[in-house]
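J.: Input: one structure, supplied below.
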Amino acid sequence: MPFLLIRQDITKMQVDAIVNAANTSLLGGGGVDGAIHRAAGPRLLAKCMTLSGCKTGNAKITPGYNLPAKHIIHTVGPVYHDGQRGEPILLASCYSTSLRLAKEAGCETVAFPLISAGVYGYPRADAIRIAAETIRAFLTEHDDAMTVYLVIFDRDSMDAGRAQFPDIASYIDDRYADDHADTVSQRLIRANAAKAPQSKQKAPKKESAPNGSFAPMAPMAEYAARTEPIFVSDAMASLEDRLANPDESFSEMLLRKIDEAGMTDAQCYKKANIDRKLFSKIRSDRDYRPSKQTVLAFAIALQMPLDEVRDMLGRAGFALSHANKFDIIVEYFIEQENYDVFAINEALFAFDQTLLGA
Ligand code: APR
C-alpha cells in the first residue's frame with residue numbers, strides 16, 4: 001500500500017519492476033532510457049526490437065536482464081508543449097497503464113522515474129503532482145500490498161518539490177531552532193557549565209521517614225548499601241498503586257481513537273500508509289514502542305487535533321520539537337488541518353526529511 005518518494009538511481013533498485021521513460025521506438029535513447037539499456041545489457045535491445053514500438057501513454061513489459069529489478073516496464077510519456085494538448089491525460093496514462101501491467105505480472109514493488117520531466121520537458125512540479133495523484137488513486141482503488149516508489153533523481157526535481165511549499169519554508173524558519181541560533185556566549189556558558197565540578201550529593205538523613213512521608217531520594221546505591229530495612233512509606237504504596245494502574249498506553253489510545261472515529265483497523269492503517277504486519281504488532285502488545293513517525297502517521301490518519309497528537313506522542317515517549325524540521329512540517333499540516341499523508345510526504349521529501357509511514 002505505501003507510496004514513497006525517494007532519491008535513487010533507478011537502475012540500482014532491487015524491486016520487482018522499474019519503469020523506463022522510453023520513446024515510441026523502444027530502441028533506447030538518452031536519460032533514464034539510456035541508463036536502463038546500459039545497465040540491462042544488449043539482450044534488452046534485442047527483446048525491444050521484437051515489440052514493434054509503443055504508443056505515447058501506453059506501456060510494454062520486458063525482463064530486467066542484468067538489472068537487479070526482475071522486470072522493466074517501458075512507457076512513453078508525452079512531449080510537453082503547453083499542457084493544453086492532452087499532455088496531463090497522456091502522462092497519467094503512463095503511470096496507470098504501467099501499474100496495471102505490474103499488477104498483472106504480480107509485482108509487489110514498483111519504481112517510477114519522473115516520466116517526461118527530462119528531455120520531454122514536462123514542468124517538474126506538475127510531473128510530480130500528476131505522478132502522485134495517479135499512483136495514489138491506483139493504490140486506493142486496488143486492495144493489494146503493492147509498494148510504489150517515485151524516484152526523484154536530480155536536485156532540480158527536488159527543488160521543484162520544495163518550491164511547491166514556500167509557506168512551509170517560512171513556517172520552518174519561524175520555528176526551526178537549529179545549532180546556528182546559539183550566540184557564541186550561549187555556547188561558552190554551556191561549555192563552562194559542562195566543565196563545572198559535579199556538586200557532591202549529600203547523603204540523606206539516616207532516620208526512617210516520619211509518619212509515612214517519603215525520605216529524600218538518595219542515589220539507589222545508598223539504599224542498596226543500607227543494612228536496616230528501608231521504611232516503606234505511603235508514597236511507596238502509591239508508587240505500587242501507580243504501577244498496578246498505569247495510564248492508557250499508546251496502543252490502547254490508538255485502538256480507542258480508531259473506534260471513536262468509526263473506522264476499521266484496516267481503513268486506519270492503510271490511510272496511515274502503515275503495513276498490516278506492523279499494525280498487528282501494535283494491536284497485540286499494549287506496551288508496544290512505535291517510532292515517532294508511526295505515531296504521527298496514525299495521528300494524521302485519525303485527523304487528530306494538535307493537543308491529542310501531543311498526548312498520543314507522550315504515551316509513546318515522544319514530544320513534538322521545534323528543533324526538528326520533520327516535527328515542524330507535520331505540526332504545520334495539522335495546524336492547517338490538512339491530513340493528507342501523501343501531501344505531507346511530498347512536503348517532507350521536498351525538505352529532505354524521512355517520510356510518514358515509510
Ligand atoms: N534514475 C532515476 N531517474 C533518472 C535517471 C536514473 N538513473 N536518469 C535520469 N533520470 C530522471 C531524470 O532526471 C528525469 O527527471 O528521469 C526523468 C525523466 O527524464 P528522461 O530520461 O529525459 O525521460 P523523458 O523526459 O521522459 O524523455 C524521454 O528521452 O532518453 C530519451 O529515449 C528517451 O526519447 C526518450 C526521451
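The values are calculated or read from the model by the stated rules, or taken from the named source; none is laboratory data. Fair warning: this is a prediction, and the values are worked out from it, not measured in the lab. Glycine gets a Cβ as well: all are built from the backbone with ideal geometry, and neighbour counts include every protein chain shown.
J.: Return the pair list, or none, for Cβ contacts closer than 8 Å from residues in the range 117-140 that are closer than 15 Å to D82 by Cβ to residues that are of a type in the set (D, E), at least 6 apart or on different chains.
T.: Y122/E87
J.: What residue, of Y80, Y95, Y149, Y120, is under 19 Å from G30 (Cβ atoms), in contact with a strand residue (DSSP E or B) (Cβ under 9 Å, 6 or more places away or on another chain) and aromatic (F, W, Y)?
T.: Y120
J.: With (1) surrounded by 15 or more Cβ atoms within 10 Å (Cβ to Cβ); (2) of a type outside the set (S, T, Y); (3) within 12 Å of the ligand (Cβ to nearest atom); (4) within 21 Å of A132 (Cα to Cα) as the list, and L4 as the residue in question, which single condition is left unmet?
T.: (3)
J.: Tally time: how many residues in the range 85-133 are part of a helix (DSSP H, G or I), within 15 Å of the ligand (Cβ to nearest atom) and modelled with pLDDT of 95 or more?
T.: Final tally of qualifying residues: 10.
J.: Among the residues of the range 9-36, what is the count of those that are loosely packed, with under 15 Cβ neighbours inside 10 Å and within 9 Å of the ligand (Cβ to nearest atom)?
T.: The qualifying residues number 7.
J.: Given the criteria more than 11 Å from the ligand (Cβ to nearest atom), among the aromatic types (F, W, Y) and part of a helix (DSSP H, G or I), does Y65 qualify?
T.: When the stated conditions are applied, Y65 does not pass them.
J.: Something else: Could you list all residues from the range 236-287 that are touching a strand residue (DSSP E or B) at 6+ places or on another chain (Cβ under 8 Å) and within 21 Å of G314 (Cβ to Cβ)?
T.: Passing the criteria: none in range.
J.: Also: Out of everything in the range 134-158 that is part of a helix (DSSP H, G or I) and surrounded by 14 or more Cβ atoms within 10 Å (Cβ to Cβ), what residue ends up being modelled with the highest pLDDT?
T.: Per the stated criteria, the residue is T134.
J.: Suppose the filter is among the small types (G, A, S), within 15 Å of the ligand (Cβ to nearest atom) and crowded, with 20+ Cβ neighbours inside 10 Å; does A40 pass it?
T.: yes
J.: Return the only residue of A266, A350, A261, A299 being surrounded by fewer than 20 Cβ atoms within 10 Å (Cβ to Cβ), under 19 Å from the mean Cα position of the chain (by Cα) and among the small types (G, A, S).
T.: So the residue among A266, A350, A261, A299 that is surrounded by fewer than 20 Cβ atoms within 10 Å (Cβ to Cβ), under 19 Å from the mean Cα position of the chain (by Cα) and among the small types (G, A, S) is A266.
J.: Further, regarding this structure: Could you list all residues from the range 36-62 that are in contact with a strand residue (DSSP E or B) (Cβ under 7 Å, 6 or more places away or on another chain), in a loop (DSSP other than H, G, I, E, B) and among the β-branched types (V, I, T)?
T.: T56 - this is the single residue of the range 36-62 that is in contact with a strand residue (DSSP E or B) (Cβ under 7 Å, 6 or more places away or on another chain), in a loop (DSSP other than H, G, I, E, B) and among the β-branched types (V, I, T).
J.: I would also like to ask the following. Among the residues of the range 46-55, is any in contact with a helix residue (DSSP H, G or I) (Cβ under 8 Å, 6 or more places away or on another chain) and either more than 8 Å from the ligand (Cβ to nearest atom) or charged (D, E, K, R) (or both)?
T.: Among the residues of the range 46-55, not one is in contact with a helix residue (DSSP H, G or I) (Cβ under 8 Å, 6 or more places away or on another chain) and either more than 8 Å from the ligand (Cβ to nearest atom) or charged (D, E, K, R) (or both), which makes the answer no.
J.: Then there's this: For the range 13-29, which positions are among the hydroxyl-bearing types (S, T, Y) and out of contact with any strand residue (DSSP E or B) (no Cβ under 6 Å at 6 or more places or on another chain)?
T.: Correct list: S25 only.
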